[in-house]
Amino acid sequence: TVVLLSMGYDSLSTWHRLGRPAAVHFDVGSKYSEAERSRYERLRAECPQLLPIQDLTWLGDKEEADSWVPLRNLVMTVQAAALGFNDVVMSAPADYAPDKRLSFTLATSLAMRVAQPGHRYRVRRPFSHWTKAKLIAKTPPELLEAYAYSCYEGTQPPCGRCTACGRAIVSHFAAGREPPVPVPSGLSFKEFVDLRRGDVQRSRVREASRMRPGELLYLPLRASELLRGWRAYRALP
């Protein structure tokens, strides 16, 4: 087994929940690559089962306006298998991206088995039915505080305004954890929920263009978690 470890909250939590097996990080040449890479190297110094960073910086040229990188997960999955692993684990809790769906993992597994008969390749998403908030709640806070990074701007500290930061903020509140970046006070419920969209409104269009018609009401958190997060936010001093 090998986990695709991006150093985001989802992948770190998945790696921990699976017993911290072998993992690999891919540098895709994005704005946030340096922040992720430095955290992975620090974690690798403590965990010898982590593989050296793999260079996919050429993919950075394909990064779109909402920070989605087309074909990234396909390339990473196949390369992870080529490194000698037949069980490749992705972290994809309730995600809209087309390369994080069940259809993607099934198709990729089949393609690799066809390409190399006799090898029982498997690509899987063991916590795809979990939300980001549940993953965070089930992971030791010290692990996430020391190593997790989720900011599309790549700043140190995280910008607190992009989609990745917003989702991390809301999910932490819903998980009963302190958010990783400062949160504005006095937000309405709608403004609090809209933190998940970040301050770049074009991301709404980008997301919708990749969803199936039945997914346009996609919520990365359950309604009960949003309400729990809202109550936690309102309870701030």
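The values are calculated or read from the model by the stated rules, or taken from the named source; none is laboratory data. These numbers were taken from a predicted model, which means no experiment stands behind them. Here the Cβ positions follow ideal geometry from the backbone for every residue, glycine too, while neighbour counts run over all protein chains shown. In case anyone asks, the SASA skips ligands and DNA or RNA and just uses the protein heavy atoms, side chains included. Shrake-Rupley method; radii C 1.70, N 1.55, O 1.52, S 1.80 Å.
Points worth noting:
- Taking segment 1-52 and dividing mean pair separation by its residue count, relative contact order in percent (alpha carbons under 8 Å, at least six apart): 37 percent
- Structure-based [θ]222 nm, the chain - -39500 (n - 2.57) summed over DSSP H runs of at least 4, per residue, nearest 500: -12000 deg cm²/dmol
- Rounded to the nearest 20, the Cβ-based charge dipole of the chain about its Cα centre (Lys and Arg +1, Asp and Glu -1) stands at 840 debye.
- Taking Cα atoms only, the orientation of helix 72-82 departs from the longest principal axis of the chain by about 40 degrees.
- By the rule of a C-alpha distance below 30 Å, with chain neighbours fewer than 8 residues away ignored, the lysines paired with LYS138 are LYS31, LYS100, LYS190.
- Positive-end residue, the chain charge dipole about Cα centroid, Cβ charges, pick of VAL193, TRP58, CYS159: VAL193
- Spatial offset of segment 5-26 relative to segment 149-185 amounts to 19 Å, using the alpha carbon center of each.
- Heavy-atom surface of the chain, accessible at 1.4 Å and reported per residue (Å²): 48 Å²
- FRET efficiency for LEU236 and GLN79, using Cβ-Cβ distance with R0 set to 41 Å, rounded to 0.05: 0.40
- Counting every pair of alpha carbons in the chain, the share spaced more than 23 Å apart comes to 48 percent.
- Given charges at Cβ of Lys, Arg, Asp, Glu: the chain dipole, positive-most of ILE169, SER67, PRO117: PRO117
- Accessible surface of the chain [probe 1.4 Å, protein heavy atoms]: carbon and sulfur percent: 55 percent
- From phi via Karplus (6.51, -1.76, 1.60), per-residue ³J(HN,Hα) for segment 174-179 in Hz, x at Gly/Pro: 5, 8, x, 10, 6, x
- Other-chain or far-sequence residues with amide H under 5 Å of ARG122's (modelled H): ASP87, VAL88
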